[in-house]
Amino acid sequence: VDPATCKDMDDAIYSTFDENGDIVTYTAVANVTKYVDLDSEIGKRYINGAFTIYAPNKAYSILPSELSTGICSLNPNEDRLAFVVKTILDKSTGKVKSSNIYDAVIKSRQKYSYEQAQQIVDYLDGDDSKAYLQYKVMTGEPLLPEEQVLLNYYAAQTIKVGFDQRKMIRFNANKEREIKFDSDLQDVVDIAAIPHLLYHEVIEAFMITANEATAKYAN
């Protein structure tokens, strides 16, 4: 799940239930170091650049586009090398019971924009939806892509229960703006607030959980 205009998919998420009904999350991040020699000129540029800069009408990537939007990008239906963090969270408290980190090959099933993911949640979310998804998982029935989007939303809710119990600081200010250009990408035609969607918080919850697991491992 990324902004609609995103072409370099550097992360993917997945969630399920284990045999105890606890939530299992997987957060995959594109493993660039498997494709790029860090001692090469491209590798040095990658390290020195640190991150891609997104200007209003252009992205300044730290990697050539053949890499950033090609073989390093977690494009749908393509095998890709990734760094994957698996966490098991208590179904009631959201507390992380265990975490593991893997070098893995993943195949992303679908790319969604935040708006598309939020529309799916708004449409499918209901009183019995979570129980129905858990039943499908427990009986070995595969979830539809849209159902997986909804399950990721429920997993994030459990993660946030754990955040709240730990009294984590939450910054809810939303002052991000989108600069809109004309068709030639030359003249600014509007500057508008970007609506805050609950699915933004889904990706945030998965990423914070993965970062904490990685920090614990590094420590």
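The values are calculated or read from the model by the stated rules, or taken from the named source; none is laboratory data. Computed from a predicted structure; not experimentally measured. Neighbour counts run over all protein chains shown; Cβ positions are idealised from the backbone, glycine included. Calculation scope for accessible area: heavy atoms of the full protein, side chains included, ligands and nucleic acids excluded. Shrake-Rupley method; radii C 1.70, N 1.55, O 1.52, S 1.80 Å.
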Where the chain is the region considered: accessible area per residue in Å², 1.4 Å probe: 61
Of the listed pairs K107/K136; K95/K216; K107/K160; K7/K180, which have alpha-carbon separations greater than 24 Å here? K107/K160
Stretched out fully, how many nm does the piece from E176 to D128 gain, at 0.36 nm a residue minus the Cα gap? 13.8 nm
Write out the chymotrypsin sites (Phe, Trp or Tyr not before Pro) in the range 32-123 meeting two conditions: DSSP loop, and at most 10 other Cβ atoms within 10 Å of their Cβ. F51
With Cα atoms, 0 to 90° folded angle of helix 114-124 axis to the chain main axis: 20
Determine how large the accessible area of D187 is when every protein chain is in place; take a 1.4 Å probe and give Å² rounded to the nearest 10. 90
Once the piece of chain linking T93 and D18 is laid out straight, how much longer is it, given 0.36 nm per residue of separation minus the C-alpha distance between them? 25.5 nm
Reciprocal of mean inverse Cα separation for the range 1-68 (Kirkwood radius, Å): 14.3
Just the number, please: carbon plus sulfur as a percent of the accessible area of the range 1-89, 1.4 Å probe, no ligands or DNA/RNA counted. 54
Loop chymotrypsin sites (Phe, Trp or Tyr not before Pro), the range 148-219 (other Cβ atoms within 10 Å of the site Cβ: 16 or fewer; DSSP): F171
Using Cα springs under 10 Å in a Gaussian network model of the chain, which residue among K97, K58, K86 shows the largest mean-square fluctuation? K58
How much mean residue ellipticity at 222 nm does the chain get from its helices, if each DSSP H run of length 4 or more adds -39500 (n - 2.57) and you divide by all residues, to the nearest 500 deg cm²/dmol? -10500 deg cm²/dmol
Size of charge dipole - the range 1-109 - debye, nearest 20, with Cβ of Lys, Arg +1 and Asp, Glu -1, no other charges: 200
Two-decimal ratio, the range 152-210, of alpha-carbon radius of gyration to 2.2 N^0.38 Å: 1.57
Taking the dipole about the Cα centre of the chain, with the C-beta of Lys and Arg at +1 and of Asp and Glu at -1, give me whichever of P76, I23, N219 is farthest to the positive side. N219
Rank A131, F206, P195 by how far each Cα sits towards the positive end of the charge dipole of the chain (+1 on Lys, Arg Cβ; -1 on Asp, Glu Cβ) and give me just the farthest. F206
At 0.36 nm per residue, and after removing the present C-alpha to C-alpha distance, how many nm does the segment from A50 to Y217 gain when stretched out fully? 58.0 nm
Using the Cα centre as the reference, give the magnitude of the dipole from point charges on the C-beta atoms of the chain (Lys, Arg: +1; Asp, Glu: -1; all else neutral), rounded to the nearest 20 debye. 720
Reported label for calculated log10 I(q)/I(0) by the Debye sum over Cα atoms at q = 0.12, 0.13, 0.19 Å⁻¹ given [x] -0.74, -0.87, -1.56; [y] -0.68, -0.79, -1.54; [z] -0.66, -0.77, -1.40: [x]
Once phi is turned into ³J(HN,Hα) by the Karplus curve 6.51 cos²θ - 1.76 cosθ + 1.60 with θ = phi - 60°, what whole-Hz value does each residue of the range 16-21 show in order, with x for glycine and proline? 7, 10, 8, 5, 8, x
Taking every pair of Cα atoms in the range 82-188, average 1/r, invert it to obtain the Kirkwood radius, and report Rg/Rh to two decimals. 1.05
